[in-house]
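The values are calculated or read from the model by the stated rules, or taken from the named source; none is laboratory data. Keep in mind that this is a model prediction, so the values were computed, not measured. Glycine gets a Cβ as well: all are built from the backbone with ideal geometry, and neighbour counts include every protein chain shown. Side chains are part of the model used for accessible areas, which takes the heavy atoms of the whole protein and leaves out ligands, DNA and RNA. Shrake-Rupley method; radii C 1.70, N 1.55, O 1.52, S 1.80 Å.
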Amino acid sequence: MKRRLLTTLVIALLGTPMAFAQHDASPHDEDTSAAANLPKIELTPHMLLQFLVAEIAGQRGQVGLATGTYRDLARQTRDPRIARRAAEIALFGRQYDVALEVTRIWVDLEPESTKARQTLASLLAASGRSEELSVQVVKLLAAAGPAIGPSLLRLNQVFARSTDKAAVQKLIDEVTVPYIGIAEAHYVRAIA
């Protein structure tokens with residue numbers, strides 16, 4: 001009886017930690033094309049236990065345990081879906097150093113992911129790492145393609161809470177040089 005109850009519980013909970021892997025995929029979702037680049041790893045009993053511990057800890061408000069466990073899983077598996085989930089939980093738990101670490105893993109694993117680069121840029125902006133932030137912003141703007149205007153306008157939102165206005169001005173001046181012929185680049189520079 002106990003074995004059957006435990007099996008039912010594990011099957012019921014198995015969907016919870018893997019739910020992040022089954023997100024809604026639309027034709028415009030960049031993650032659908034990355035499915036072929038996912039690591040081929042076997043779900044071991046130890047990994048399953050880590051997933052369960054992380055998700056149950058998160059459900060019970062023990063965000064530190066959930067964040068640490070997901071960080072370990074992201075390091076161990078090198079799976080971008082796990083790194084993304086680890087970043088989400090770390091951000092929710094306001095553990096920004098861990099969020100920055102796992103977001104870097106996420107960007108390494110999915111370098112073409114706009115969401116990963118935006119998350120990394122936001123964390124770098126919040127932590128005042130302007131040199132590294134400049135590199136990420138340049139890559140984001142280069143990937144924007146025909147949507148460069150709205151992407152330039154979003155820069156002010158990213159830096160809105162920055163206390164070092166001189167550093168923001170310098171950064172925006174640097175990253176907008178290639179787009180100086182676009183009206184939005186002039187507007188962003190003026191606002192900065």
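Of the residues examined, VAL177 is one that is of a type in the set (A, V, I, L, M) and either surrounded by fewer than 16 Cβ atoms within 10 Å (Cβ to Cβ) or within 16 Å of the chain's Cα centre (by Cα) (or both).
Inclusion of VAL53 among residues that are β-branched (Val, Ile, Thr), modelled with pLDDT of 90 or more and over 16 Å from the mean Cα position of the chain (by Cα) is warranted. Figure legend. Inter-residue proximity from region 83-100: first residues over 17 Å from PRO39 (Cβ atoms), second residues among the charged types (D, E, K, R) and buried (at least 18 other Cβ atoms within 10 Å of the Cβ), beta-carbon distance below 7 Å, spacing 6+ or different chains. Indicated pairs: VAL98/ARG71. Would you point out the residue of region 109-158, among those that are under 17 Å from the mean Cα position of the chain (by Cα) and of a type in the set (Val, Ile, Thr), that is least open to solvent (accessible area, probe 1.4 Å)? Step by step, filter region 109-158, then rank; the result is VAL137.
Scanning region 56-71 for residues that are under 18 Å from the mean Cα position of the chain (by Cα) and not small (Gly, Ala, Ser) returns VAL63, THR67, THR69, TYR70, ARG71. Taking ARG161 as the residue in question, decide whether it is charged (D, E, K, R), more than 30 Å from PRO45 (Cα to Cα) and either open to solvent by 60 Å² or more (accessible area, probe 1.4 Å) or over 17 Å from the mean Cα position of the chain (by Cα) (or both). In short, yes.
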